[in-house]
Amino acid sequence: MDKLLKYTLIEKIMATENEIILNQIRNLLFEDEMDFWNSLDEDTKESINRGVNDYQEGKVRTHSMVMEELYQKYNLSN
């Protein structure tokens, strides 16, 4: 890669105040080193945590259980 291009990129990075761009560059350059969890937005993290809590509290149903309930509710045969 051309050294001039590298220096130009460095100058652009140093001049920007746009956090979105800086975060995207960081993610691109350090994607192998980043924890997947840190790349998720807060809503997604909260949703995952709710699911984990539900599982730990036994508030889950298997696919078979859900299907059986639907068959019974709508008088379907399986």
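A compact table of results
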{"item": "Filtered residue count, segment 46-78, keeping only those that are in contact with a helix residue (DSSP H, G or I) (Cβ under 9 Å, 6 or more places away or on another chain) and either in contact (Cβ under 8 Å) with a residue 60 or more places away in the chain or hydrophobic (A, V, I, L, M, F, W, C) (or both)", "result": "3"}
{"item": "Residue in segment 50-68 that is surrounded by 10 or more Cβ atoms within 10 Å (Cβ to Cβ) and in contact with a Ser or Thr (Cβ under 8 Å, 6 or more places away or on another chain) present", "result": "no"}
{"item": "Residue list for segment 39-78, filter: more than 23 Å from the chain's Cα centre (by Cα) and hydrophobic (A, V, I, L, M, F, W, C)", "result": "MET65, VAL66, MET67, LEU70, LEU76"}
{"item": "Residue count for segment 27-51, restricted to those that are modelled with pLDDT under 85 and among the polar types (S, T, N, Q)", "result": "3"}
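The values are calculated or read from the model by the stated rules, or taken from the named source; none is laboratory data. Since we're looking at a predicted model, the values are computed, not measured. We place every Cβ from the backbone using ideal geometry, glycine too, and count neighbours over all the protein chains shown.
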